[in-house]
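Scroll down for the structure; my scribbles are underneath it.
The values are calculated or read from the model by the stated rules, or taken from the named source; none is laboratory data. Keep in mind the model is a prediction, meaning the values are calculated, not measured. Ideal geometry is used to build each Cβ from the backbone, glycine not excepted, and the neighbour counts take in all protein chains shown. Protein only, heavy atoms only, side chains kept; ligands, DNA and RNA dropped before computing areas. Shrake-Rupley method; radii C 1.70, N 1.55, O 1.52, S 1.80 Å.
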Amino acid sequence: MSNRVTITDHATGKSIDLETIEPTLGARLIDIQPLFRELGLLTYDPGFTATASCSSTITYLDGAKGELLYRGYPIEQLVEQSSFIETCFLLLCGHLPSKAELDQFSSEVLQESLLQEEMKRFFEGFRPNAHPMAIMVGVVGALSAFYHDFQDIHDPQNRKHSAKLLVAKMATIAAWSYRYANGLPFTYPRGDYNYVENFLHMMFSLPTNDYTPNPLAVRALEVIMISHADHEQNASTSTVRLAGSSEANPFASIAAGIGSLWGPAHGGANEAVIRMLEEIRASDQPLEHYIERAKDRKDRFRLMGFGHRIYKNYDPRAKILRKLCHEVVEGCKTTKETQELLELALRLEQVALEDEYFKQRKLYPNVDFYSGIIMLSIGIPLNMFTVIFAMARTVGWVSQWNEMFGDGHSKIGRPRQCYTGVEERDYLPMKQRKK
Ligand code: SDX
């Protein structure tokens, strides 16, 4: 197969042969770097719908087939056979760990999971009813004020240390964001709990009673965290890469990613799905009314948890979480309201998938459509859903950030634009301006 494409600018009659790049998996790519130099032409692709910003060895999605691989391993096998901490090692290091490697990594992450005590005052600076995502963005950014003795991002050991520190401390920051917002005393990780057990312990244990994490809740959260760990160059990961490309410190770059994830078009969709289902359940309108609103371009209403930039088939994570949803709703003492939300979600999915508008646009449930119902069932409150997503995605962000520097020739990200403003004009003194 030829490894070149030819671009001809008919305005000038000039042509250029551009090299194509053969990926391990996925669509072939055109290296357009010579385009501006040789033909003076820029490419235009708002939202990067057909533009690769980097090469990566970490995660691969097949949007047509609905497949997701972490370092080559299918997500379905990882949720069945791996753990979140093992998946963190896999994403960060590129291979499944030996027993000794996993034990050492788990121990290092546990040791790093404590926060400096002065950071408690940082939480206390927020209003008690602050959204936990607002607290998380602020506290993660503040880590750069507390942990700054290995900030040389060009040192691979420093980068690995920062990555482990962030993965470890995110669980404590997430749990403490919840504790502070609910007026509860801060809790500490335990040496005899794994990553997910410790998070649930820090979220829900009270000094006044013994708390043992429910094994079904631990299993459910492991699956949710593995499913959310990484996902190629999504908006928040691209934000982390772009922020990090200026050689900003890792904590500031991750804080930027948290901010991007918070949006309802991205990681904030899990919270938006529940709010949508609750609105539909409280309304006296039939489901079809909301399906019609979702199809109406003049109406801002969207079917939250539906559609995806890459998946034009069922999101494999949605399939996993849909199955888990049934297990958790049956296995936990889920409230009648949450059971009704699941029934409503299943009906909504069925109506949408039979509708021409959704079929034509290949709009399927994505990772956010069922995750919220699972989290409600294991006692996670609505405003903590995106915090959990950020906690899980931190390992993806730091793995991609680390990879960006790893190949030795990272460049600062600086996209071009199509300028459509006014042409040059002279300054107008006030007295000459229109009244
Ligand atoms: C995540 O990128 C990632 O990998 C993200 C993520 C990750 O793990 O990092 O997978 C996590 O963010 C999942 C997505 C969560 N967001 C939502 O569930 C919000 C609802 N979904 C939509 O906002 C939308 O589907 C997006 C943002 C997810 C994708 O938007 P695109 O790719 O820009 O698609 P588009 O807006 O161009 O839509 C194409 C058509 C349009 O209709 P037409 O102009 O052709 O008439 O599909 C329609 C859209 O109006 N459409 C929807 C819809 N999503 C797309 N119509 C109704 N409801 C929807 N949800």
Collect residues whose amide H, placed 1.01 Å from N in the peptide plane, falls under 5 Å from the amide H of GLY263; neighbours closer than 5 in sequence don't count. GLY268
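Out of the chymotrypsin sites (Phe, Trp or Tyr not before Pro) in segment 327-435, which ones are loop residues according to DSSP with at most 14 other C-beta atoms within 10 Å?
Numbers: sites: TYR357, PHE358, PHE369, TYR370, PHE385, PHE389, TRP397, TRP401, PHE405, TYR419, TYR427; in loops: TYR419, TYR427.
Answer in residue order: TYR419, TYR427.
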How much of the accessible area of segment 30-74, probe 1.4 Å, is carbon plus sulfur, in whole percent? 55
Give me the percent relative contact order of segment 157-311, please, defined on Cα pairs under 8 angstrom at least 6 residues apart. 12
Mind checking Rg over Rh on segment 27-149, alpha carbons, Kirkwood formula for Rh? 1.10
Most packed first (mean Cβ within 10 Å per residue), the peptides 139-146, 229-236, 57-64 order as 229-236, 139-146, 57-64
For segment 291-350, the Debye formula with one identical point scatterer on each Cα and no solvent gives log10 I(q)/I(0) at q = 0.25, 0.27 Å⁻¹ as -1.12, -1.17
How large, in percent, is the carbon and sulfur part of the accessible surface of segment 214-370 at a probe radius of 1.4 Å? 51
Karplus ³J(HN,Hα) for segment 209-216 (6.51 cos²θ - 1.76 cosθ + 1.60, θ = phi - 60°; Hz, whole; x = Gly/Pro) runs 8, 6, 10, 10, x, 5, x, 5
Mind checking the dipole of the chain: about its Cα centre, +1 per Lys or Arg Cβ, -1 per Asp or Glu Cβ, Debye to the nearest 20? 1400
Protection-proxy order for peptides 47-53, 372-378, each taking the mean of Cβ atoms within 10 Å per residue, highest first: 372-378, 47-53
Any chance you could give the angle, 0 to 90 degrees and rounded to 10, that helix 195-204 forms with the longest Cα principal axis of the chain? 60
Packing rank of 106-117, 274-285, where each peptide gets the mean count of other beta carbons within 10 Å, highest leading: 106-117, 274-285
Can you pull the percent of segment 135-174's accessible area that's carbon plus sulfur, 1.4 Å probe, other chains left in place? 53
What lysines could a cross-link reach from LYS359, if we take a straight Cα to Cα line under 16 Å and drop same-chain neighbours fewer than 8 places away? LYS65, LYS295, LYS312
Computed helical MRE - 222 nm, the chain, DSSP H runs ≥ 4 contributing -39500 (n - 2.57), nearest 500: -16000 deg cm²/dmol
For the chain, longest principal axis from Cα atoms; helix 385-406 axis from its Cα atoms; angle between them, nearest 10 degrees, is 50
How tilted is helix 99-111 with respect to the longest principal axis of the chain? Cα atoms for both, answer in degrees (0 to 90, nearest 10). 80
Note, segment 19-32: 3J(HN,Hα) by Karplus (6.51, -1.76, 1.60, θ = phi - 60°), whole Hz, Gly/Pro = x, goes 5, 9, 10, 9, x, 5, 9, x, 5, 5, 10, 9, 7, 8
Relative contact order (percent, whole number), the chain, Cα cutoff 8 Å, 6+ residue spacing: 19
Gap separating the Cα centres of segment 369-435 and segment 73-98, nearest whole Å: 27
Can you give the accessible area of HIS161 in Å² (nearest 10), computed on protein heavy atoms with a 1.4 Å probe? 70
